[in-house]
Amino acid sequence: MQTQELISIASQVRRDILRMVHGCQSGHPGGSLGCTDLLVSLYFDAMNLKLDVTNNQVVFNMSGLNEDVFFLSNGHISPVLYSVLARRGYFPINELSTFRKINSRLQGHPTPHEHLEGIRIASGSLGQGLSVAIGVAQAKKLNLDSSVVYCLMGDGEQNEGQVWEAAMYAPHHKVDNLIAFIDVNGQQIDGPTEKIMNNRDLQLKYEAFGWKVLHVDGHDMACLQSCLAKAKQMLGNDIPVMILMKTEMGAGVDFMMGSHKWHGVAPNDQQLEEALSQLSETLGDY
Amino acid sequence: MSIYTYETKKDTRSGFGAGMEFLSLTNPKVVALCADLIGSLKLEPFIKNCPERFFQTGIAEANMIGIAAGLSIGGYIPFATTFANFGTGRVYDQIRQSVAYSGKNVKIACSHAGLTLGEDGATHQILEDIGLMKMLPGMVVINPCDYNQTKAATIAVANYSGPVYLRFGRPVVPVFTPEDQEFVIGKAIKLIEGSEVSIFATGHLVWESILAADILKEKGIHAEVINIHTIKPLDTQAILDSVKKTKCLVSAEEHQINGGLGDSIAQFLATSMPLPQEFVGVNDSFGESGKPADLMDKYGLNAASIVIKALKAISRK
């Protein structure tokens, strides 16, 4: 897809995120806005998806056999995943209005428990997604399926020990059909990551564990596209690929950027209006 | 004497290994993971038969559970294996989120459960695992009693779709169940017909319950012994049918009384048919180092304790 089209979709996804979080007065806008460009570039460009449509409904294939699959390990940025899935056709766009409300399939953190198309694992309790992604990647190898597994984690999430168990495992077992990302926004709930628990040099760490590491500006759509293309070319050589993605929490809304303040806070009516005025309604609000 | 006899003693974990060997040859969807305890889990034949379907995770149980969940998404039937302590308590949140809540077809198969792990002591002797696992919505919890039943249970859970906790152990115990006995998840097995007290036992305490029934018989008391190999879902019909006759009961398990089999039975009967119940289990304490048989005696997990509790239950009728 053309870069400009992706940028246009990302603007609508950011509007969806803000309106969803505003609608239930809860949720995590900061990280969702920060990862919007990545998820749009994945689902609308990089990923090879099998979207079988019957009666205007996507027939969701839980196994993900012969298609690329994505796992969101930092499940609290569910608004961006829900918006991208809905905009991609997995479920009705109007369902976004039910986010975090009672009887909704759009739980605060993603889960397959409510049978929402596009969700294959629950996440929210941090540090578990990379392990799951590795398992799916290994299942693909057993199935002689050459498609790719993607997994996004947060940089605060790197505090979790399980991440490093998985980081050690993947190169050891030559899981080379896996592209992982870390959303390097430098923020976690209690403050800047370097003050709360310093990740220091993530490139050195992952390289020491045996990964190939790439860097990308998470808000430059053209760079994201070329970085994903490069990462895919690097697969199949016994080595998993890690992309360190520099982002700005709250990206796209000037007053939400540059701080961890908007990690888990919903905008009020006035703030929503101000934020939406900075983002064009490209595909029509739900 | 007892209608039950045995020719050999074997460890239940070897029954698991034999079940996995069978599955290696018969079910190409079964995969196994292990956290650096292949020998203890008796996985060598499985690995020899299908090395490509075995995943060594190293000493990293949390990662093992996540990878198992991922393999199940890809259509496989993963058995995640280690000691019961590391496969349940250590990774409770991983099991809760990535397996149970996510509804994944993962089998958590753990050896060395309970006091009979022996000399390694309380750090390794988990007595809370049945409780931890049965609290998770949708989780099936199975604790077979001997080699043959563990083998049959292993094969049965591979054919069941959904998360399962399969618990077994290290010591050699009498092999007394028939080699060809079908294992039906959730279906209790009546071992001895009786009329005066019901003994509901699971795991290693099933054989002790048979011995207890023999002792009671010598005293002229007819105890009914039922093997509750599946703690969840509980065979409530079998329990009700038995206590309707006997009007009192004893539960017996190598586990904390809190959260164990007896606790499940009590909860069921409290709302259907409240009756005098006595509990054989570990009473809110950790274990310790020692020989398995000495530990079972010290903590009252033996036939003699079951007899005492049975007499007490009868006296409370």
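The values are calculated or read from the model by the stated rules, or taken from the named source; none is laboratory data. Predicted model, so just to flag it, every value in this text is computed and none were measured. Ideal geometry is used to build each Cβ from the backbone, glycine not excepted, and the neighbour counts take in all protein chains shown.
So the values come out like this:
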quantity	calculated
Residue count for the stretch A:88-141, restricted to those that are more than 13 Å from chain B (Cβ to nearest Cβ) and basic (Lys, Arg)	4
Failed criterion for B:Lys190 (all others in (1) crowded, with 22+ Cβ neighbours inside 10 Å; (2) assigned to a strand (DSSP E or B); (3) out of contact with any Phe, Trp or Tyr (no Cβ under 9 Å at 6 or more places or on another chain) hold)	(1)
From the options B:Ala252, B:Ala310, residue that is farther than 25 Å from B:Gly118 by Cβ and surrounded by 15 or more Cβ atoms within 10 Å (Cβ to Cβ)	B:Ala310
Sole residue being farther than 16 Å from A:Asp37 by Cα and away from chain B (no Cβ under 14 Å), chosen from A:Asp220, A:Asp238	A:Asp238
Unique match (being surrounded by fewer than 18 Cβ atoms within 10 Å (Cβ to Cβ), within 30 Å of B:Lys104 (Cβ to Cβ) and either charged (D, E, K, R) or assigned by TED's automatic domain parsing to the domain that holds B:Gln94 (or both)) among B:Gly169, B:Gly162	B:Gly162
Strands (runs of 3 or more DSSP E) within the stretch A:1-90 that include 2 or more residues under 10 Å from the mean Cα position of the chain (by Cα)	A:69-72
Test: residue in the stretch B:245-255 that is closer than 21 Å to B:Thr5 by Cα, in contact with a Cys (Cβ under 7 Å, 6 or more places away or on another chain) and either of a type in the set (Gly, Ala, Ser) or in the same structural domain as B:Ala152 (by TED's automatic domain parsing) (or both)	no
Residue selected from the stretch B:80-121 under the condition more than 13 Å from chain A (Cβ to nearest Cβ) and among the hydrophobic types (A, V, I, L, M, F, W, C), by the criterion nearest to A:Arg105 (Cα to Cα)	B:Ile108
Number of positions in the stretch A:214-231 that are in contact with a strand residue (DSSP E or B) (Cβ under 6 Å, 6 or more places away or on another chain) and surrounded by fewer than 16 Cβ atoms within 10 Å (Cβ to Cβ)	2
Residue count, the stretch A:166-176 (criterion: surrounded by 22 or more Cβ atoms within 10 Å (Cβ to Cβ) and either more than 12 Å from chain B (Cβ to nearest Cβ) or more than 28 Å from A:Gly30 (Cα to Cα) (or both))	3
Identity of the residue in the stretch A:142-160, within 11 Å of chain B (Cβ to nearest Cβ) and assigned to a strand (DSSP E or B), that ends up farthest from A:His263 (Cα to Cα)	A:Val149
Every residue from the stretch B:144-184 that is in contact with an Asp or Glu (Cβ under 8 Å, 6 or more places away or on another chain) and basic (Lys, Arg)	B:Arg167, B:Arg170
Within the stretch B:23-70, considering residues that are within 12 Å of another protein chain (Cβ to nearest Cβ) and β-branched (Val, Ile, Thr), the one nearest to A:Met168 (Cα to Cα)	B:Thr57
Number of the condition not met by B:Leu37 [criteria: (1) touching a residue at least 12 places away in the same chain (Cβ under 8 Å); (2) touching a helix residue (DSSP H, G or I) at 6+ places or on another chain (Cβ under 8 Å)]	(2)
